[in-house]
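Reviewing the structure listed below.
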Amino acid sequence: MAAANHSPSSPYSCAKDSGPVIPTSSLVTFLERVQETAFQTYERSKFDHKDFIDLSLKFDLSTTVKAFDEISKTENGSVSTKDFEEFIGKWFKSAGEDLVYVEPMDFETEPFGFLPKVENPEVRAWALEVHGLWKKLSREVSSSVHDHPELHTLLPLPVPGMIPGSRFREVYYWDSYWVIRGLLASKMHETAKAIVTNLISLLDTYGYVLNGARAYYTNRSQPPLLSAMVYEIYNRTGDADLAKKALPALLKEYQFWNSEIHTMIIHDVENCNHSLNRYYAMWNKPRPEASAIDKRFASKFLNVNEKQKFYRELASTAESGWDFSTRWM
């Protein structure tokens, strides 16, 4: 899979950003405003931008927006910490409340045949401790998300599954491959299949598996490992029904990654052509989950086209699965 950047011969190499953009929801747009206010209100060391884009509304959007516009502001337009926190407490449910704990359907404290080659008692005890984390990571989407999706950025999913944990409260695409590898080692075959069911649900709804199960991830995917997930489960369980069920979705995903925006032709030194797939997010604005920070990084660009190109490359990097860290600095 090629990176977001491209060769001079690529039809997308012009400076002007002209690729497709999939619009986000009105709720996400509003929560970006809330996030920006949080960024201005709190010290940066105490600020997690994702916490505010993951909030759920207690009331309808228009009423909440009106209340937000009426918050008292100082002469320079800022909001006091007290007023902001009172507003958040009154009008929102906490980030993560739209997911509820559910007991994993096939968890056993020590599964039969668990890691048979691990004989050292200390290592085995540690492995069982790691295995026990499945009970802490099992979640299902709350009934409120299914009944009132307009109040949530979390997307409805049909069955319970596993989340990565910490600030990552929702299902993520390529994380799920490694989650499934671990579940298979833990003999939790049904839970592994449930994760595939959820990802196929996203693919059937949007035409591709989203980066994660949030409304602000609808403009990009992640490394296409769904076929590898199905393969790993089939290899371990021999479940041909799952493979048959997944095949139409896998073909649809193949078509997505071979669509015009994701394919490019590379000419080598011998003038031979090579067709590659690349990560190319359908987005040219700040990423909603990091909007306030992206805007500040983009402030050095003087014109709109440069900013849009920068924003698309940030989102495409996120699509590639390469998380941002100080190793790039």
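The values are calculated or read from the model by the stated rules, or taken from the named source; none is laboratory data. Not measured: the values here are computed from a predicted model. When we count neighbours, we look across all protein chains shown, and the Cβ atoms used for this are built from the backbone with ideal geometry, even at glycine. Note: accessible area is taken over every heavy atom of the protein model, side chains too, but ligands, DNA and RNA are not part of it. Shrake-Rupley method; radii C 1.70, N 1.55, O 1.52, S 1.80 Å.
Which sequence of Y279, Y234 reflects their accessible areas, 1.4 Å probe, from the largest down?
Working: Y279 25, Y234 105 Å².
Of Y279, Y234, the descending order of accessible area is Y234, Y279.
Per-residue HN-Hα couplings for the range 254-262, Karplus 6.51 cos²θ - 1.76 cosθ + 1.60 at θ = phi - 60°, whole Hz, x for Gly and Pro?
4, 5, 4, 6, 10, 6, 4, 6, 9
If you take the square roots of the eigenvalues of the alpha-carbon gyration tensor of the range 113-188 and sort them as a ≥ b ≥ c, do you get rounded (a/c under 1.5), prolate (a/b over b/c) or oblate? Don't skip to the answer; put the middle values down first.
Working: a/c = 3.12, a/b = 2.91, b/c = 1.07.
Prolate shape, in that a/c is at least 1.5 and a/b is the bigger ratio.
Just check the range 182-329 against the gyration tensor rule for me: Cα atoms, a ≥ b ≥ c as the square roots of the eigenvalues, rounded for a/c under 1.5, and otherwise prolate or oblate depending on whether a/b exceeds b/c. Don't skip to the answer; put the middle values down first.
Details: a/c = 2.25, a/b = 1.57, b/c = 1.43.
Here the range 182-329 falls in the prolate category.
I want to check the label-to-label distance for V269 and T29. Put each point 7 Å from Cα in the C-beta direction and report it in nm to one decimal.
Between V269 and T29, the simple spin-label model gives 5.1 nm.
In deg cm²/dmol and to the nearest 500, what is the mean residue ellipticity at 222 nm of the chain if only DSSP H runs of at least 4 residues count, each as -39500 (n - 2.57), divided by the residue total? Could you put the intermediate results ahead of the total?
Details: 13 runs with 145 residues, N = 329.
Mean residue ellipticity, 222 nm, calculated: -13500 deg cm²/dmol.
Suppose the chain between L302 and T237 were pulled fully straight at 0.36 nm per residue; how much longer would it get relative to their current alpha carbon spacing?
Working: separation 65, 0.36 × 65 = 23.40 nm, distance 5.59 nm.
Contour length minus the Cα-Cα distance gives 17.8 nm.
Based on the Kirkwood radius over alpha-carbon pairs, what value in µm²/s does the Stokes-Einstein equation return for the translational diffusion coefficient of the range 169-230 at 25 °C and 0.890 mPa s?
Values: Rh = 11.6 Å.
Roughly 211 µm²/s, to the nearest whole number.
Can you pull the one-decimal nm distance between simple spin-label points at N277 and Y101, each 7 Å off the Cα toward Cβ?
If labels sit at N277 and Y101, their model points lie 3.9 nm apart.
Stretch R167-N258 to full length: gain in nm at 0.36 nm per residue minus the Cα-Cα span? Don't skip to the end; give the middle numbers.
Values: separation 91, 0.36 × 91 = 32.76 nm, distance 3.25 nm.
Going from the current span to full extension adds 29.5 nm.
Hey, can you find the accessible area per residue of the range 219-261 for me, probe 1.4 Å, expressed in square angstrom? Don't skip to the end; give the middle numbers.
Values: 2270 Å² over 43 residues.
Accessible surface, normalised per residue, equals 53 Å².
Which percent of Cα-Cα pairs in the chain sits in each 10 Å bin, short to long?
Per 10 Å bin, starting at 0, the Cα pair percentages come out as 5, 22, 29, 25, 14, 5, 0.
Using alpha-carbon positions, what is the distance between the centroids of the range 288-329 and the range 156-201, in Å?
Each part reduced to its Cα centre gives a spacing of 28 Å.
Based only on Cα atoms, what mean projected area does the convex hull of the range 261-328 have, in nm²?
Working: hull surface 25.1 nm².
Average of the hull's projected areas for the range 261-328 equals 6.3 nm².
From the backbone phi of the range 84-91, what are the Karplus-calculated ³J(HN,Hα) couplings (6.51 cos²θ - 1.76 cosθ + 1.60, θ = phi - 60°) in whole Hz, Gly and Pro given as x?
Going residue by residue, I get 5, 5, 5, 5, 4, x, 7, 10 Hz, with x marking Gly and Pro.
Calculate the FRET efficiency for T81 and S18 from the Cβ-Cβ distance with a Förster distance of 35 Å, rounded to the nearest 0.05.
On the way: r = 42 Å, r/R0 = 1.21.
In this case the efficiency is close to 0.25.
Let me know the longest stretch in the chain that avoids all trypsin sites (Lys or Arg not before Pro) found in a DSSP loop with at most 14 other C-beta atoms within 10 Å.
Numbers: sites that count: K16, K58, K73, K117, R167, K300.
Between exposed loop sites, the widest span is 168-299.
In whole percent, how big is the carbon plus sulfur part of the accessible area of the range 96-258, probe 1.4 Å, protein atoms only?
Working: 4470 of 7840 Å².
Solvent-exposed carbon and sulfur of the range 96-258 make up 57 percent of the total.
Find the Cα radius of gyration of the range 96-258, compare it with 2.2 N^0.38 Å by division, and give the number to two decimals. Each step should come with its number before you reach the end.
Values: Rg = 16.2 Å, N = 163, 2.2 N^0.38 = 15.2 Å.
So the range 96-258 has a normalised radius of gyration of 1.06.
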